[in-house]
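The values are calculated or read from the model by the stated rules, or taken from the named source; none is laboratory data. In this text the structure is predicted, and so the values were computed from the model without any measurement. Glycine gets a Cβ as well: all are built from the backbone with ideal geometry, and neighbour counts include every protein chain shown.
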């Protein structure tokens, strides 16, 4: 749905741009192409890595790991899995819901969801290409710690 | 001519996949289909984003961005950054090139961080899905906590990297 809006937006602006100024439109297309090809190799590497990780760490394996581990160590484990992997929301949320139903702790699930969304170890090299390593380490490091605060508060609120 | 070096990670992973193929062909088949899905997702979402980046770069003057999201944009800039990030969908890596063009156009770095944070975990389409699958209390508590945390973290990180960022923007 969002993608369709994005396409309509992009094509509409492209047409307007073309009507108004062909030279500028050419420059815009060239810039778009350059930006894309510049990042493509790194992106290709990361996407294949995600494909590999996601298959090895399948939902079944993750739920096995999460099911057995409780308490603080359970949170460490789920946060590490969440920080490394990049699981699309349409898989992650139903997975989290079914884990909760089968008795996983709310804090373990909260830290998992939060790190999954905010921390990206696999995509860190790509992030660093744009913003530098210092920003990447600070953003991901803070987000990782913050996810524990989220989990603790959710644990209290939903208790 | 295609240069090899940028593709090192890609080649290394493909090599690892090949090794897995010899020992666990079924797992390798899963890897291939998962990798294919991720490439398809990337190829469906990135073209319009890069197109918009190109058009933005050429048509929208730096002053416009500076006025609404720049150094002196205050609360307006913060609110706009949250709105832009939260209205989005798609993986976080799609936000990186957008954030990069925003840096180039003079958007305050704190607002860039807020935009990235909002995109990562406050997206409205995702919130709705989280409510329907995990529950209203969980999703909404997490959303408001994220809002608070992202604002605090963005102010902090901005303090840490501001000097380096100023140098970057001056280049």
Take the residues in segment A:101-119 that are within 14 Å of residue A:59 (Cα to Cα) and within 10 Å of another protein chain (Cβ to nearest Cβ), then tell me which one is surrounded by the fewest Cβ atoms within 10 Å (Cβ to Cβ). A:109
So which of B:78, B:45 ends up being at the interface with chain A (Cβ under 7 Å from one of its Cβ atoms) and under 18 Å from the mean Cα position of the chain (by Cα)? B:45
Can you report the number of residues in segment A:66-91 which are facing chain B (nearest Cβ under 9 Å), crowded, with 18+ Cβ neighbours inside 10 Å and part of a helix (DSSP H, G or I)? 1
Given the condition closer than 22 Å to residue A:119 by Cβ, at pLDDT 95 or above, more than 20 Å from the chain's Cα centre (by Cα) and surrounded by fewer than 19 Cβ atoms within 10 Å (Cβ to Cβ), answer yes or no: does some residue in segment B:153-160 qualify? no
Scan segment A:10-54 residue by residue and report those that are within 7 Å of another protein chain (Cβ to nearest Cβ) and either farther than 30 Å from residue B:20 by Cα or more than 22 Å from the chain's Cα centre (by Cα) (or both). A:10, A:13, A:14, A:17, A:24, A:27, A:28, A:29, A:31, A:32, A:35, A:36
So residue B:54 passes all but one of these: (1) at the interface with another protein chain (Cβ under 8 Å from one of its Cβ atoms); (2) over 29 Å from residue A:18 (Cβ atoms). Which condition number does it fail? (2)
Inspect segment B:35-42 for any residue being at pLDDT 90 or above, exposed (fewer than 14 other Cβ atoms within 10 Å of the Cβ), at the interface with another protein chain (Cβ under 8 Å from one of its Cβ atoms) and assigned to a helix (DSSP H, G or I) and give the result as yes or no. yes
Restricted to segment B:104-124 and to residues being surrounded by fewer than 21 Cβ atoms within 10 Å (Cβ to Cβ) and in contact with a helix residue (DSSP H, G or I) (Cβ under 6 Å, 6 or more places away or on another chain), the residue farthest from the other protein chains (Cβ to nearest Cβ) is B:106
